[in-house]
Amino acid sequence: MTIVFSFYFLLLGLLFGSFFNVVGLRVPKREFLKRKRSYCPKCLHSLSWFDLIPLISYLLLGARCRYCKQKIPLLYPLMECTSGISFMFSFILLGFQPRLVLALLLLSLLHIIIVSDLNYMIIPDNILVFFFVLLMIYRIFVPSGLWWGFLLGASVGLFGTAMIIMLSRGGMGGGDMKLLGLVGFALGTKLLLVAFFSAIVMGAIVCSVLLRSGLISRHQPFPFGPFIAAGTIISFFYGTKMTEWYINRFFL
């Protein structure tokens, strides 16, 4: 049965991943509810249902729009696959327990943030507010620990990042600050710190590679949201083991 449910969660992640792509692309442009049908961003032609089958349509169409033949960005099927695999991975690790709901909420939020930040360098406030409400509901019905611990995590995420922004004179953006505040509320202070430092390390490595290869310039703005997302996922699943290893290695 585990294999069957794992397959269901893979399909669920692929389907939701396709929807999250649309949300991440439309919400920053304030057109999420303006057009009900999906459309090609190049030729604006409305897409049929058989153009929107996650991953399969991309492969059958040869990575090009059926109507204008423009290339479909690789980001779309890549994020669909990532969503499908991460949903399945979450179920395999957690099974049917309340923490699985938290995992799926975070993965959904972070998927939208990655798409939005990579395309527009924007982390939409309304998306953060929407998921904050969902996380509040989760905390009410699935209490785990004291409320002040999660509120402290949110405060550290918000005000700690605000200090970094002031000291670095804009090294991070307001959207990053609010996202880290939400991550702090979801995970608590300890796991927030693991997520943040993981994001810093990954961001530094990737930026160094891109700078050396000449793909970006030193003063070119670079989206940090995807690294926060990756750090959050790492911290959610492995943050406790990472902190235990660090304490045992260096302090005991």
Legend entry - Relative contact order of segment 1-147, pairs being alpha-carbon contacts under 8 Å that are 6 or more residues apart, as %: 32
Legend entry - segment 151-159 - phi-based ³J(HN,Hα) in whole Hz, Karplus 6.51/-1.76/1.60, Gly and Pro as x: 5, 5, x, 5, 5, 5, x, 6, 6
Legend entry - Centroid-to-centroid separation of segment 38-113 and segment 160-194 [C-alpha atoms, Å]: 27
Legend entry - Longest segment of the chain lacking trypsin sites (Lys or Arg not before Pro) that sit in a DSSP loop with at most 14 other Cβ atoms within 10 Å: 70-168
Legend entry - Net charge over other residues, Cβ less than 11 angstrom from the Cβ of residue 227 (K, R count +1; D, E count -1): -2
Inset, instruction - Could you pull out every residue, at least 5 positions away or on a different chain, whose amide H is within less than 5 Å of the one on residue 47? Hs are placed 1.01 Å off N in the peptide plane, and Pro or chain starts have none. - result: 38, 39, 40
Legend entry - Local electrostatic count at residue 67 - Lys and Arg +1, Asp and Glu -1, tallied over other residues with Cβ under 10 Å: +3
Legend entry - Net charge of neighbours whose Cβ lies under 13 Å from the Cβ of residue 242, counting Lys and Arg as +1 and Asp and Glu as -1: +2
Inset, instruction - Name all residues of segment 231-245 having a backbone nitrogen under 11 Å from the label point set 7 Å from the Cα of residue 206 along its Cα→Cβ direction, giving them as ranges. - result: 231
Legend entry - Rg/Rh for segment 51-110, where both radii come from Cα atoms and Rh is the Kirkwood radius: 1.14
Inset, instruction - Divide by every residue of the chain the summed helix terms, -39500 (n - 2.57) for each DSSP H run of at least 4, and state the resulting mean residue ellipticity at 222 nm, rounded to the nearest 500 deg cm²/dmol. - result: -23000 deg cm²/dmol
Legend entry - Lysine pairs within the chain, Cα separation less than 20 Å, 8 or more sequence positions apart or different chains: 7
Inset, instruction - Return the label of the correct value of mean projected area of the Cα convex hull in nm², as calculated from the structure shown, out of [x] 12.5; [y] 13.4; [z] 16.4. - result: [z]
Inset, instruction - Run the numbers on the chain and let me know its relative contact order in percent, using alpha-carbon pairs under 8 Å that are six or more apart. - result: 18
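FYI, it's all coordinate maths here, none of it is from the lab. What you see is a predicted model, and the numbers here were worked out from it, not measured in a lab. Note that we place each Cβ from the backbone using ideal geometry, even for glycine, and neighbour counts take in every protein chain shown.
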